[in-house]
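A.B. asks: There's a structure below that I have some questions on.
The values are calculated or read from the model by the stated rules, or taken from the named source; none is laboratory data. Keep in mind it's a predicted model, so treat the numbers as computed, not measured. Ideal geometry is used to build each Cβ from the backbone, glycine not excepted, and the neighbour counts take in all protein chains shown. Note: accessible area is taken over every heavy atom of the protein model, side chains too, but ligands, DNA and RNA are not part of it. Shrake-Rupley method; radii C 1.70, N 1.55, O 1.52, S 1.80 Å.
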Amino acid sequence: MSSPPETDKPDPLTTHEAMSTSGYGFPVYILGVGLIIITAYFVYELLFRKTKGLAAGGPTFIIAGPSGSGKTSLFTLLRYGEKSTTLPSVEQNITTKFRLPNLPDTAKPFVLIDAPGHQKLRHGMFSALQIAQAARTIHGVLYLVDASAMSRPAQLREAAEYLYDILRITERVRGGTDVLVGANKSELFTAVPAKRLRTLFETELDKIRESRAKSVGKVGAGGDKDDSDDGDEDDGAVVGGSGWLGRRGEKGSFKLEDLETDVMVIDGSVDNGKIDPWIAWMEERAVN
């Protein structure tokens, strides 16, 4: 019996070349490019458009402050009415359904944003604040600090640097954007009282503006750039820009009361649930 005739098997390489030549391989490249574009779009939506939409879409409060100050614990307590153990945040916590307890149920819910405190992650907070100010939806910034750590020069300096950059932004709108400095962990023995903390911040903020003015002056003397004038242009304030904060005067003359921004320093404790004064501050601004 004779065996059936063998048929030639196509060479894989020849088949691939034929597909590419005939156009069948071309859609594969289109698909790859399309996946990259779609992925980039969704990353953009998650990292930028979401924050932009929330900040501009409704009345907004922003919780900010250095790492470890209790921001996420405060966010959880305000949002869900209960305390919880949290870890340092690496992304914003956002809700569009925040309701202040003493406002009527018919009141419009607020956007509440908890911004990460790490220095490299603060750009999102600055963007959200500027967008909400431009949209006139910002009602206030809760700047939380660990009052028990404010007697340490390094921690005080870091908190003052961050506050300085926030105030540079809030001062760009007429009347300023109200800021509450929440002196958290006030129940601890080492906590700096609110009145004393206000004075410490004024002293440190004065040093910061003098230091930044000098650094800009050196750049200007070199012929590159001198933007030490007290204009409102965005010269990098969110990363330590040069614009003067407050009235011009002698060294040591800085006072928070001289700002357009209304800045209050109030004791409180997230762990002990003693945040009624902070809530009252929010409710007062919610109706204005």
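A.B. asks: Working with all protein chains in place, sort Lys83, Lys255, Lys195 by solvent-accessible area computed with a 1.4 Å probe, largest first.
C.D. replies: Lys195, Lys83, Lys255
A.B. asks: Roughly how many Å² of Ile37 are accessible to a 1.4 Å probe, to the nearest 10?
C.D. replies: About 110 Å², ignoring ligands and nucleic acids.
A.B. asks: Compare Lys120, Lys97 by solvent-accessible area with a 1.4 Å probe and give them largest first, with all protein chains kept in place.
C.D. replies: Lys120, Lys97
A.B. asks: Can I ask one more? Over the heavy atoms of Arg152, what accessible area does a 1.4 Å probe trace out, to the nearest 10 Å²?
C.D. replies: Counting only protein heavy atoms, the figure is 120 Å².
A.B. asks: Then there's this: 7 Å from Cα along Cα→Cβ at both Asn102 and Thr203: what's the point-to-point distance in nm?
C.D. replies: 3.4 nm
A.B. asks: Listed here are the pairs Lys83/Lys185; Lys71/Lys255; Lys71/Lys120; which of them are more than 23 Å apart at the Cα?
C.D. replies: Pairs exceeding the cut-off: Lys71/Lys255.
A.B. asks: Ok, one more. Length gain on complete extension for the stretch Ala213 to Leu31, per 0.36 nm per residue less the alpha carbon to alpha carbon distance?
C.D. replies: 60.2 nm
A.B. asks: Ok, one more. Arrange the residues His123, His118 by how much accessible surface each exposes, largest first, with a 1.4 angstrom probe.
C.D. replies: The ranking, largest first, comes out as His123, His118.
A.B. asks: Going by amide H atoms built from the backbone, whose H comes under 5 Å of the H on Asp267, apart from near neighbours?
C.D. replies: Ala183, Ala194
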